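Next up is a structure, given as structure tokens.
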């Protein structure tokens with residue numbers, strides 16, 4: 001992996017980790033100048049709107065987290081060196097365990113991401129989350 005590809009992979013993994021931490025403000029900060037949408041839902045833009053979307057749709061439990069673990073896999077990254085843009089597609093599996101729900105996968109899907117290289121670093125330009133399979137989301141969604 002090139003350093004560009006590694007930086008982009010790190011952004012994708014960081015977004016998943018901050019979601020699992022329940023740190024929706026940190027997720028929002030990753031999309032400060034980007035759009036974010038869950039397929040079939042509204043497209044929001046910027047830190048405040050992304051933070052509000054996550055805060056308003058993902059349930060936090062007593063430990064302050066959604067009690068999830070997102071596994072990101074099958075990552076493909078295409079960098080356009082001339083325009084300093086990139087796109088990536090990856091797959092995710094979200095696992096969850098709560099007091100009411102034993103450990104199990106609750107959703108699988110894809111992240112379709114676009115990136116720009118600006119001021120010496122890569123940042124998100126857009127994300128589309130496409131859920132392919134959904135299980136018991138009763139402990140995840142508000």
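The values are calculated or read from the model by the stated rules, or taken from the named source; none is laboratory data. Quick caveat: nothing in here was measured; it's all calculated off a predicted structure. Note that we place each Cβ from the backbone using ideal geometry, even for glycine, and neighbour counts take in every protein chain shown.
I'd like the full set of residues that are outside any loop (DSSP other than H, G, I, E, B), within 17 Å of residue 137 (Cβ to Cβ), under 15 Å from the mean Cα position of the chain (by Cα) and in contact (Cβ under 8 Å) with a residue 40 or more places away in the chain, limited to region 25-70.
The initial filter retains those residues of region 25-70 that are outside any loop (DSSP other than H, G, I, E, B), namely 25-30, 35-38, 43-58, 68-70.
Next, from what is left, pick out any that are within 17 Å of residue 137 (Cβ to Cβ): 38, 53-58, 68-70.
Restricting the remaining residues to those that are under 15 Å from the mean Cα position of the chain (by Cα) gives 38, 53-55, 57-58, 68-70.
The answer is 38, 57, 58, 68, 69, 70.
May I pose another question? Assess whether residue 75 counts as being modelled with pLDDT of 95 or more, touching a strand residue (DSSP E or B) at 6+ places or on another chain (Cβ under 9 Å) and within 19 Å of residue 12 (Cα to Cα). Steps first, please.
Values: modelled with pLDDT of 95 or more: yes; touching a strand residue (DSSP E or B) at 6+ places or on another chain (Cβ under 9 Å): yes; within 19 Å of residue 12 (Cα to Cα): yes.
Criteria met by residue 75.
To continue, here is another question. Checking the condition surrounded by 13 or more Cβ atoms within 10 Å (Cβ to Cβ) and more than 18 Å from residue 127 (Cα to Cα), which residue from 97, 86 passes?
Values: 86 fails: more than 18 Å from residue 127 (Cα to Cα).
Exactly one residue qualifies, and that residue is 97.
Residues of region 94-123 being touching a strand residue (DSSP E or B) at 6+ places or on another chain (Cβ under 7 Å) and assigned to a loop (DSSP other than H, G, I, E, B), which ones?
Across region 94-123, the qualifying residue is only 103.
In region 27-50, how many are over 21 Å from residue 109 (Cα atoms) and either in contact with a strand residue (DSSP E or B) (Cβ under 9 Å, 6 or more places away or on another chain) or surrounded by 17 or more Cβ atoms within 10 Å (Cβ to Cβ) (or both)? Walk me through it before giving the result.
Taking region 27-50 as the starting set, the residues that turn out to be over 21 Å from residue 109 (Cα atoms) are 29, 32-33, 45-49.
Next, only the ones that are either in contact with a strand residue (DSSP E or B) (Cβ under 9 Å, 6 or more places away or on another chain) or surrounded by 17 or more Cβ atoms within 10 Å (Cβ to Cβ) (or both) stay: 32-33, 45-47, 49.
Summing the residues that are over 21 Å from residue 109 (Cα atoms) and either in contact with a strand residue (DSSP E or B) (Cβ under 9 Å, 6 or more places away or on another chain) or surrounded by 17 or more Cβ atoms within 10 Å (Cβ to Cβ) (or both) in region 27-50 gives 6.
Check whether at least one residue in region 119-133 is touching a residue at least 12 places away in the same chain (Cβ under 8 Å), surrounded by fewer than 17 Cβ atoms within 10 Å (Cβ to Cβ) and in contact with a helix residue (DSSP H, G or I) (Cβ under 9 Å, 6 or more places away or on another chain), and report yes or no.
yes
Here is a list: 91, 87, 130. Which entry is closer than 14 Å to residue 15 by Cα, in a strand (DSSP E or B) and at pLDDT 95 or above? Before the answer, list the steps.
On the way: 87 fails: closer than 14 Å to residue 15 by Cα; 130 fails: closer than 14 Å to residue 15 by Cα.
Of 91, 87, 130, the one residue that is closer than 14 Å to residue 15 by Cα, in a strand (DSSP E or B) and at pLDDT 95 or above is 91.
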